[in-house]
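Structure first, commentary second.
The values are calculated or read from the model by the stated rules, or taken from the named source; none is laboratory data. Bear in mind the structure is a predicted one, so any value in this text is a computation, not a measurement. When we count neighbours, we look across all protein chains shown, and the Cβ atoms used for this are built from the backbone with ideal geometry, even at glycine. SASA here: full protein model, heavy atoms, side chains in, ligands and nucleic acids out. Shrake-Rupley method; radii C 1.70, N 1.55, O 1.52, S 1.80 Å.
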Amino acid sequence: MEVEATQTDEIRQRKSVSFDEKEETAQTEKPKDKTKIRRSSKYAALQRFAKLFFGCLAAVSSGMMYAVYLSTYHERKFWFSSRRDLEREITFQGDGAVYYSFYKDMLRAPSFERGVFDLAYNNKTVSLKTINAVQQMSLYPELIASALYQMSSSQGAVDPVYFYIGILFGLQGIYASALFVTSWIMSGSWLAGMLTVAWFIINRTDTTRMEQSLPLRENWALPYFACQVAALTAYLKTNVTFSVERFCYLLMSASTYTFIMMWEYSHYLLFIQALTLCLLDGFSLVQREKVHEIHKMYIFSAAVGYLLQFENTALLTSPLLSLVVGSMIARSLQITVKKGTFRAKVMKIMYFYLAFTIAVSIHFLLRTVVPHNENRQLLRFLQVKFGLNMTKNFTVNWLLCQESFQPPSQEYILRLTQSSLLPFYILVLLICLFSVSQGIYRRLSGIPASTKVTLEEGRIGERPEVVYHVVQGLLLGSLAMLFEGMKYLWTPYVCMLAAFGVCSPELWITLFKWIRLKAIHPVLLALVLSTAVPTVIGFSLWREFLPKIITELSELEEHYESDTIELMNWIKSHAPLAAVFAGSPQLMGTIRLCTGWMVTSLPVYNDEDLMKRNENIYQIYGMRSAEDIYKILASYKATYVVIEDSICNDVAGMKGCRVKDLLDVANEHVVTEDGDVYSYSKYGRFCQEIKMNYSPYVNYFTKIFWNKSYSVYKINTLISFQY
């Protein structure tokens, strides 16, 4: 018994010793595990920081590369650095010339405040008319550019024209960087951003209007809208931290306000964005709180813009404000019911009905109460465009004939296809649309939206930022199929969405889930394809288009308008300072910029009085008598009239859309019988008859200058009748 007792005591001692050893080893292993966790977390944080740093570096580099490319192309096209000031200014055509002329006026002003006052009460540009040029032509870019030029050390070191166009090229670089960041946020891959910028540059003629005229309002405004879209994309994501969310909201608010200030038509594009968010909110595809915050941002930006744009009533009567207020009211009236029930589905339909009914009611109420003069011509234009009305109005028909308001050409679709952009966009769009429809079905069935969708699930259509871009891309694409000018808004979207799709593993997994791929693991194959496919696309684009871009930049184009330069030099040396010139609005913009002389009209189409002036001055190309034209020109105190042979003898333009054809229709000087058009005016075409130098034309007008393109006639103050 004693032996057994001693054996049990030994066993107990051994167990206690082994237990103590285990405790000691556990205590020694715990710090090691914590150290490993800390090391792994530090490594993960360092990895995220490196990814963010190099991604931002790639985005900035892409933007700088695009800005340098545009600057080099502009220099090669116009020989800009080797031109004189007059020859450089002639490159700003049409309304772009008017914008730059006011920038020059700001630099010549004795002070910034005085320059703003002179533009706000401008009576030295258009004869017999005082205009608020800052509000009417959205001259805030010129105000900012002139202020930066005067405050910086650029005076005397940098030519004002180079400072002006340099800002524009820099903004275009920001535009490309914002598209890079947007596709990177959606896909999580730098390759998407690089592919976006590559497609954006290759399709330059369809993504930007920089080649047509640098100072256009879109070229100033769209980079800010791209920044707003990038911030909104990150803001809509469900797995972002609070600090990132707040930063994105602040960036989105600042860029939205700046976008409104830069472009008079910005609220229409924001209306499309707000409509997209309302649709997403109605189907519970996005967090309701975030949409409410975005609506408050719209209201705040529009209110501040209204105050700083000299109480611009166009913002108060805009469809954006009506839709946002109507949606907020409808949301406050919505009753909470159990999801998935029949009552919930009925309430969902009622929400849409209430939101749009209240929005339309508010819109018509504001347009009735608030005095406004804008958008009447636009409404008339849309009625004629869609066949709801017929008109002989010259301005409406002239706008309808412009290339921007025509349906897109087959060459546009062909260019997108040749660069492989359109096929991949259609593939990505179809996959996303089908996945979005599945997500909408789940929401209507009462299945709540998951806060985090894993990669293996492959439900890309339930990500709020993806749904937003898909729906907004569809709306912009529908408009682009009606108006070619809308392609400059839609094509960058196409570049971004196509690049995001082919670089997103989640999109490939979504596709593999549908086809039930079992031979290879879907996640592994998706990761491989999301890297391999964009690499192959990038290599093919580099091989096909890089030689074309290099050739484009190496070729020197001849762009020298000798007749226009001769006309401007004659005006500056022979015309008196009190002279007032009449002619086509596009030429008047050039005369205003290059000479500073007063004109009778401007290429501005948001003011009814200026549009009426344009139509009256265009009568010099119609079949009107010399006395009629003299009375029209004298009513605007014009002293010289400029006849352009390119308009008077136009035979290359599309028949029915030439200026003289539109004038004949407006003046009812043509009649159509059995498909044949006959003219029945008893007067010949004024621009042709005046060149004959016979009475009564010589009684009213005296030719004092002419070349191959232009003829300048002095309007006689004392009429001497010759027979």
Next on the checklist: Every residue in region 121-136 that is out of contact with any helix residue (DSSP H, G or I) (no Cβ under 6 Å at 6 or more places or on another chain) and either modelled with pLDDT under 90 or open to solvent by 30 Å² or more (accessible area, probe 1.4 Å) (or both), please.
Outcome noted: 121, 123, 124, 128, 129, 130, 135, 136
Checklist outcome for this item: (1) closer than 18 Å to residue 482 by Cα; (2) at pLDDT below 85; (3) in a loop (DSSP other than H, G, I, E, B); (4) not aromatic (Phe, Trp, Tyr) all hold for residue 383 apart from (3)
Next on the checklist: Of all residues being open to solvent by 10 Å² or more (accessible area, probe 1.4 Å) and among the acidic types (Asp, Glu) in region 465-518, which is nearest to residue 283 (Cα to Cα)? Just the residue, please.
Outcome noted: 506
Checklist entry - For region 257-305, what are the residues that are among the small types (Gly, Ala, Ser) and either in a helix (DSSP H, G or I) or open to solvent by less than 30 Å² (accessible area, probe 1.4 Å) (or both)? => result 266, 274, 282, 301, 302, 303, 305
Checklist entry - Taking into account only those residues within region 99-110 that are within 19 Å of residue 163 (Cβ to Cβ) and not aromatic (Phe, Trp, Tyr), which is most open to solvent (accessible area, probe 1.4 Å)? => result 108
Item to check | Which numbered condition residue 340 fails, given (1) open to solvent by 40 Å² or more (accessible area, probe 1.4 Å); (2) touching a Ser or Thr at 6+ places or on another chain (Cβ under 8 Å); (3) at pLDDT below 90 | outcome: (1)
Checklist entry - For region 147-170, which residues satisfy the criterion of being closer than 24 Å to residue 84 by Cα and outside any helix (DSSP H, G or I)? => result 153, 154, 155, 156, 157, 158, 159
Item to check | Criterion (open to solvent by 40 Å² or more (accessible area, probe 1.4 Å), over 20 Å from residue 131 (Cβ atoms) and touching a residue at least 40 places away in the same chain (Cβ under 8 Å)) met by exactly one of 84, 76 | outcome: 76
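Specify the residue that is farthest from residue 542 (Cα to Cα); the eligible residues are those in region 417-428 that are in a helix (DSSP H, G or I) and open to solvent by less than 30 Å² (accessible area, probe 1.4 Å). Working first, answer last.
Applying the first criterion (in a helix (DSSP H, G or I)) to region 417-428 yields 417-418, 421-428.
Next, only the ones that are open to solvent by less than 30 Å² (accessible area, probe 1.4 Å) stay: 421-422, 425, 428.
Numbers: 421: 14, 422: 17, 425: 19, 428: 22 Å.
Among those residues, the one meeting the criterion is 428.
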Next on the checklist: Of the conditions (1) open to solvent by less than 20 Å² (accessible area, probe 1.4 Å); (2) at pLDDT below 95; (3) not aromatic (Phe, Trp, Tyr), residue 229 satisfies every one except a single condition; which number is it?
Outcome noted: (2)
Checklist entry - Going through region 141-161 one residue at a time, which ones are within 24 Å of residue 258 (Cα to Cα) and loosely packed, with under 14 Cβ neighbours inside 10 Å? => result 148, 151, 152
Item to check | Among the residues listed as 145, 176, the single one being over 19 Å from the mean Cα position of the chain (by Cα), under 30 Å from residue 198 (Cα atoms) and at pLDDT 90 or above | outcome: 145
Checklist entry - Could you give every pair whose Cβ atoms fall below 7 Å, whose first residue belongs to region 208-224 and is of a type in the set (Asp, Glu), and whose second residue is part of a loop (DSSP other than H, G, I, E, B) and surrounded by fewer than 21 Cβ atoms within 10 Å (Cβ to Cβ), counting only separations of at least 6 or pairs across chains? => result 218/209
Item to check | Subset tally (residues that are assigned to a helix (DSSP H, G or I) and surrounded by fewer than 16 Cβ atoms within 10 Å (Cβ to Cβ)) for region 567-579 | outcome: 4
Checklist entry - When residues of region 106-146 are filtered for being part of a helix (DSSP H, G or I) and of a type outside the set (D, E, K, R), how many remain? => result 18
Checklist outcome for this item: Just one listed residue, out of 622, 589, is farther than 20 Å from residue 96 by Cβ and touching a helix residue (DSSP H, G or I) at 6+ places or on another chain (Cβ under 6 Å), and it is 622
Checklist entry - When residue 390 is evaluated against the numbered criteria (1) open to solvent by 60 Å² or more (accessible area, probe 1.4 Å); (2) outside any loop (DSSP other than H, G, I, E, B), which criterion, by number, is the only one it fails? => result (2)
Item to check | Qualifying positions in region 584-631 - open to solvent by 30 Å² or more (accessible area, probe 1.4 Å), in a helix (DSSP H, G or I) and not charged (D, E, K, R) | outcome: 586, 616, 630
Next on the checklist: For region 523-572, which positions are touching a helix residue (DSSP H, G or I) at 6+ places or on another chain (Cβ under 9 Å) and of a type in the set (Ser, Thr, Tyr)?
Outcome noted: 530, 531, 535, 554, 560, 564
Checklist entry - Which one is nearest to residue 192 (Cα to Cα), of the residues in region 46-73 that are among the aromatic types (Phe, Trp, Tyr) and open to solvent by less than 90 Å² (accessible area, probe 1.4 Å)? => result 66
Checklist entry - For residue 98, are the conditions met, namely being at pLDDT 90 or above, in contact with a Pro (Cβ under 7 Å, 6 or more places away or on another chain) and not charged (D, E, K, R)? => result yes
